[in-house]
Amino acid sequence: MPDTEKFPPDVSPRDFSSSPDAFSQKAVHEWLVARGAQEIINSDALATILGISVKTIKIAEKNKKIKAIDRSTYILKDCIPWIMEHPKYFCQQKPHWEITDSTVETIKKIIRNDWRALLRYWEFDDLCAEVQYRMITLPKTSACAEGIVIRRVLAKIWRDMKRKGLPNMVSLDAINEKHERF
């Protein structure tokens, strides 16, 4: 998730567990305003509220789907028909796992205590990064604890390695050193 300091003032980042009350322009408008949208909005604020990239909005502007009143500035009511064409931008979705400092510490602890065998094939930091990457792609369920998810991801990594054969892993440091030479 992006750093909260980058969000436009008074705009809340997309909460993927919420959506408008109805599939109507009025409901979408009220939903946007409740998240900090003003009647004149810029591309950064709109992207933050919808949880999409600024590039997506700029492409819509380029394709004349959204009318700009100035550079990257729009009237909110003119954006709503485009938003209604893409309900995936405001529909309720399952949240995904987020990586926090405590999550990283839990990953390191579980690897040290339960999954040392993987350290023969992976660098410690690379394995932690792989677990984090795979975790953020998993939908979050309320019935599952973070430690269980970490163990499942590590088991999946082990199964993938056994199925594909245990290759010689290349660390991220070695890749970075190779590219620094050029």
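Return yes or no: is Gly36 more than 24 Å from Cys128 (Cα to Cα), in contact with an Asp or Glu (Cβ under 6 Å, 6 or more places away or on another chain) and surrounded by 11 or more Cβ atoms within 10 Å (Cβ to Cβ)?
yes
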Extreme residue, nearest to the chain's Cα centre (by Cα), among residues of segment 149-182 that are assigned to a helix (DSSP H, G or I), at pLDDT below 70 and hydrophobic (A, V, I, L, M, F, W, C): Leu172
Those residues of segment 81-111 which are in contact (Cβ under 8 Å) with a residue 40 or more places away in the chain and out of contact with any Lys or Arg (no Cβ under 9 Å at 6 or more places or on another chain), in sequence order: Ile83, Met84, Pro87, Cys91, Gln92, Gln93, Thr103, Thr106, Ile107, Ile111
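Can you go through Leu138, Leu76, Leu118 and tell me which one is over 26 Å from Val33 (Cβ atoms), surrounded by 12 or more Cβ atoms within 10 Å (Cβ to Cβ) and touching a Leu at 6+ places or on another chain (Cβ under 7 Å)?
Only one candidate qualifies: Leu118.
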Positions within segment 61-83 being of a type in the set (A, V, I, L, M, F, W, C) and farther than 30 Å from Leu138 by Cβ, in sequence order: Ile66, Ala68, Ile69, Ile75, Leu76, Cys79, Ile80, Trp82
Given (1) at pLDDT 90 or above; (2) in contact with a strand residue (DSSP E or B) (Cβ under 6 Å, 6 or more places away or on another chain); (3) small (Gly, Ala, Ser), number of the condition Ser72 does not satisfy: (1)
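Identify, from the list Pro13, Pro20, the residue that is crowded, with 18+ Cβ neighbours inside 10 Å, at pLDDT below 85, out of contact with any strand residue (DSSP E or B) (no Cβ under 9 Å at 6 or more places or on another chain) and under 25 Å from Pro139 (Cβ atoms).
The match here is Pro20.
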Residues located in segment 119-131, provided they are within 14 Å of Ala155 (Cα to Cα) and at pLDDT 90 or above: Leu127, Cys128, Glu130, Val131
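The values are calculated or read from the model by the stated rules, or taken from the named source; none is laboratory data. Source: prediction; values computed, not measured. Positions of Cβ are backbone-derived with ideal geometry, glycine not excepted, and every protein chain shown enters the neighbour counts.
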